[in-house]
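Each value in this text was obtained by applying a stated rule to the coordinates, not by laboratory testing. Just so we're clear, the structure is a prediction, and the values are computed from it rather than from any experiment. Heads up, the Cβs are rebuilt from the backbone with ideal geometry, glycines too, and the neighbour counts pull from every protein chain shown.
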Amino acid sequence: MYNSAHIISSKHYLVLCSLAFTLGIFLFVYLDNIVLTAAVIFLAVALFSLLVILLLRIFKLIKPRLKSVLLPFLSILFILLGIFRIYFFENSSSAALRRYESNEVWLLGYVTSVPVLTSSGFYRSFELEVVQVNSDTDAKGTVLMYLPTGRCENLEMGDRICCWTKLSTPDRTEANDNFDYYTHLRGKNIFVIGNTQNVNKVYFDKDVTFASYIRSIGIAVRNKISKTVDCIFLSDTTSGSVLKGILIGDKSGFSDELYKRFSNAGISHIIAVSGLHLSILFSFIMSILTTTYIRRKAALIIAMPLMLLFVSASAFSLSVCRAALMLFIAILAVFTGKRYDSATALFLALGIILIISPYSLFSKSLLLSFCATLGIFAFYKYIMHIILKPFRTRFKPLTFVASSLTLSASSLLGTLYFLILFFGSISKVQFLTNLWTIPLVSVIFCLGFIVCLVYEAFPAFALWALKPPLSVLLNIIKATVNVFGDDKYALNIPIESMPNYVFPIYVGLVVMLYFFLKLYYDIDKEKKRAAKKSAARTY
């Protein structure tokens, strides 16, 4: 049934190289200098071995297939590239800023995240993009700042500030979602934390690059949407908070209790901007553009900067960046006339993100987004085939329910390990609640942006005609959370620290399930083809 070309084709090289690069990053983080020394020795041995094999082949002393030599060599090479990439990242990124650790300094920078209350309630935390430390303009990077509650309450994303700060290294022992706090912050490219008693808003000129320009536009759009939603839902702050979560992933208005209820109901993903939201927005924009007699390629060109703007407005959430990279790869395939392969694009997007920021491997947002997408790509087709096989007709409501259940199941198969690792619980009702919340979110997401745009030009009309249907949809989401948000709807799995051997077991079981379902699907298709041929011969 299978041949070597099907088992290892050219597209698999990219997937395997991306996985090898990821493995190299993981090895360096957990083995540090030991693996770096071994990597140098291993690289020398691998290069020497390859040289010997190639020389022997040139002189026709041996005749190895190129694939048999190239595949292991590329795997070794990309493991080493992952190790060296994170080594240089560790020793170059924010190196000037880290010289001031354990010192009290003046920081000048701009706020790049919404200030939120810490779990204790005594401090607010926010990310500060540093442009100057004392008089040192070379010390740049991101610092996670802690500010006492009640100080500078009007601080918001995009503000330029200065403050007297005590810098320190993040604690390596403090647990955060089963990653130590140090590694958790590294996933956000944060190497230093700061504690200050007060901040002052100031004005200063900053270097304008393309990236900083896009970020500043995104921050402005994000703040504008947030303020507009606050004005529209002035008397219903809960609906406003939910809408801001759906539109831009802003959860600053969420209490710990409210977020936990969303998680118990299995719909916390709708308030964390991800690839789902980007795909909804892209489909909405394309449907508008293509119905106005604009050709598809022209519509794609128009949609690309709008997608980039949304990525910036989402504060460059890694899950959104992953989806945006896959989308741009798909658009590139359209213009180049190449065949788009979703799994290859997924691993290519992962590789690009890890090249830019190796510690993103430990980002909860990226891990969940990547694994959920991979689970859908791997299992959706096969599970749908099994569910719909007993039915001879494709009744649309049945297909819709089956599709929703299959998406949830496929996503869960891909993320089960990390859901337990990060949250210690799984919603018992997520298959049920997602049946109506996903379609509702699609409508809320599009209608929410329309209401915000119309409100800027015609506020009275937006409040009179557009707000009521939007409020009804948001109330359904809130009712879902109220009904299914209790702890009894969550399956708690209290694990203090996940044993190291659990992950390879989990991966092994998932891979075995994938090949079992694929084999079942292929055999079933083969039987159908044989039956059709037999029927054709009969007639």
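When a/c is below 1.5 the answer is rounded, else prolate if a/b is larger than b/c, else oblate, so apply that to segment 370-420 with a ≥ b ≥ c taken from the square roots of the Cα gyration tensor eigenvalues. Judged from the Cα gyration tensor, segment 370-420 comes out prolate (a/c at least 1.5, a/b above b/c). Taking other C-beta atoms within 10 Å as the exposure proxy, C452, C446 rank C446, C452 from fewest upward. Ordering S357, A531, L463 by Cα displacement along the dipole of the chain toward the positive end leaves A531 in first place; charges were set at the Cβ atoms of Lys, Arg (+1) and Asp, Glu (-1).
Going by a ≥ b ≥ c, the root eigenvalues of the Cα gyration tensor, does segment 482-521 fall in the rounded group (a/c under 1.5), the prolate group (a/b larger than b/c) or the oblate group? Note, shape of segment 482-521 comes out oblate.
Each listed q (0.12, 0.17, 0.22 Å⁻¹) maps to a log10 I(q)/I(0) for segment 96-207 from the Debye sum over equal C-alpha point scatterers, namely -0.38, -0.78, -1.30.
For a test of the definition: using alpha carbon positions, the gyration tensor, and the 1.5 limit on a/c, classify segment 234-364 as rounded, prolate or oblate. Before the final figure, lay out each step's value.
Numbers: a/c = 2.58, a/b = 1.43, b/c = 1.80.
Because a/c hits 1.5 or more and a/b fails to exceed b/c, segment 234-364 counts as oblate.
When each of the peptides 320-333, 223-236 is scored by the mean number of other C-beta atoms lying within 10 Å of its residues, the order from highest to lowest reads 320-333, 223-236. In this structure, the residue pairs whose Cα-Cα separation is over 28 Å, taken from K364/K428; K251/K428; K389/K488; K188/K251; K188/K244, are K389/K488. Approximating the spin labels as points 7 Å out from Cα along Cα→Cβ, the A220-to-T336 distance works out to 3.4 nm.
Using only Cα coordinates, the Kirkwood hydrodynamic radius of the chain works out to 26.1 Å. Look at the alpha carbon pairs under 8 Å that are at least 6 residues apart: their mean separation over the length of the chain gives a relative contact order of 14 percent.
Placing a pseudo-label 7 Å from each Cα along the Cα-to-Cβ vector at A457 and K488 gives an inter-label distance of 5.0 nm.
Give the order of V208, V441 when sorted by the count of other beta carbons within 10 angstrom, beginning with the fewest.
Numbers: V208 9, V441 22.
Fewest-to-most Cβ neighbours within 10 Å comes out as V208, V441.
Using only DSSP helix segments of four residues or longer, with each worth -39500 (n - 2.57), what per-residue ellipticity at 222 nm results for the chain after dividing by its residue count and rounding to 500?
Working: 18 runs with 337 residues, N = 539.
The per-residue figure over the chain is -21500 deg cm²/dmol.
Using a cutoff of 8 angstrom between alpha carbon atoms and counting only pairs six or more residues apart, the relative contact order for segment 173-292 works out to 13 percent.
Taken over segment 219-516, the alpha-carbon convex hull comes to 167 cubic angstrom per residue. Put a plus charge on the Cβ of each Lys and Arg, a minus charge on the Cβ of each Asp and Glu, and nothing anywhere else: the dipole of the chain about its Cα centre is then about 3080 debye.
Distance between the 7 Å Cα→Cβ label points at K527 and E153: 6.9 nm.
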